[in-house]
1. Which condition number does residue 40 fail, the rest of (1) open to solvent by less than 40 Å² (accessible area, probe 1.4 Å); (2) under 18 Å from the mean Cα position of the chain (by Cα); (3) in contact (Cβ under 8 Å) with a residue 40 or more places away in the chain being met?
2. When you go through 60, 30 one by one, which is the residue that is part of a helix (DSSP H, G or I), charged (D, E, K, R) and either under 16 Å from residue 100 (Cα atoms) or open to solvent by 70 Å² or more (accessible area, probe 1.4 Å) (or both)?
3. Where the second residue is among the β-branched types (Val, Ile, Thr) and open to solvent by less than 40 Å² (accessible area, probe 1.4 Å) and the first is within 25 Å of residue 94 (Cβ to Cβ) and lies in the range 51-73, which pairs have Cβ atoms under 7 Å and are six or more apart or on separate chains?
4. Select from the range 71-92 the residues that are open to solvent by less than 40 Å² (accessible area, probe 1.4 Å) and either under 14 Å from the mean Cα position of the chain (by Cα) or of a type in the set (D, E, K, R) (or both) and list them in ascending order.
5. Being among the hydrophobic types (A, V, I, L, M, F, W, C), modelled with pLDDT of 90 or more and farther than 22 Å from residue 118 by Cα, is that true of even one residue in the range 62-76?
6. Which members of the range 22-54 meet the condition of being touching a helix residue (DSSP H, G or I) at 6+ places or on another chain (Cβ under 7 Å) and of a type in the set (S, T, N, Q)?
7. For the range 63-119, what are the residues that are among the aliphatic types (A, V, I, L, M), part of a helix (DSSP H, G or I) and closer than 19 Å to residue 46 by Cβ?
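The values are calculated or read from the model by the stated rules, or taken from the named source; none is laboratory data. Every value quoted in this text rests on a predicted model; they were computed, and no experiment measured them. In this analysis, Cβ positions are derived from the backbone assuming ideal geometry, glycine residues included, and neighbour counts consider all displayed protein chains. What goes into the accessible areas is simple: the full protein's heavy atoms, side chains included, and nothing from ligands, DNA or RNA. Shrake-Rupley method; radii C 1.70, N 1.55, O 1.52, S 1.80 Å.
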Amino acid sequence: MNPILYAFLFIVSIYIIMAIHEFGHYIVAKTYKRKNKSFGFAIWGAFVDPDLRKSSKTEKLYIMSGGVLLGVLVGTVAIVIGVYLSGILELFLTTFGVLSIFINFTNAIPLFKGSDSYGILKMYFRKNVVSFLFVASGIGFLFLMSIIYTYGSTFNSTTIDLLVCGETLS
């Protein structure tokens, strides 16, 4: 496969994943009848800014979790559909699915202040946030590895060859 096409599909996947993630926040915020102050894309990411001033902690929790949940759901569906296809569609959907799950679970690990999970931890655990960061990061990492292990076994050898080498070896 042409490396330029592969790089293009990778970049397109990243932007689609970001849009889906932010759309997850937007959907949950609209469910709670919260207005969206802004939405946008930048080279390094996307954002949605719902008005959370009158939201309860539970509503904030659901709104902050909505992006990760939708991203993981869409990623899982993409993998399941992708393994039944062949060629470029298989490559795109399985790569997209793995990236979506990985990126969204990474966002669920509170490693930096901009992540959704950091905001959730800060909201519930105002003191000793650092100790909770390590515990939550460890749990998130183990969960991520179990998902990759579970769904990684569904890839056929053609997909693995394409992902690793950029071409089919057989």
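1. Here residue 40 meets the rest and fails (3).
2. 30
3. 66/28; 70/20; 71/17; 71/20; 72/101
4. 71, 72, 75, 76, 78, 79, 90
5. Among the residues of the range 62-76, at least one is among the hydrophobic types (A, V, I, L, M, F, W, C), modelled with pLDDT of 90 or more and farther than 22 Å from residue 118 by Cα, which makes the answer yes.
6. Within the range 22-54, 36 is the sole residue that qualifies.
7. If the condition is that a residue be among the aliphatic types (A, V, I, L, M), part of a helix (DSSP H, G or I) and closer than 19 Å to residue 46 by Cβ, then 63, 64, 68, 69, 70, 72, 73, 74, 78, 99, 101, 103 are the ones that fit.
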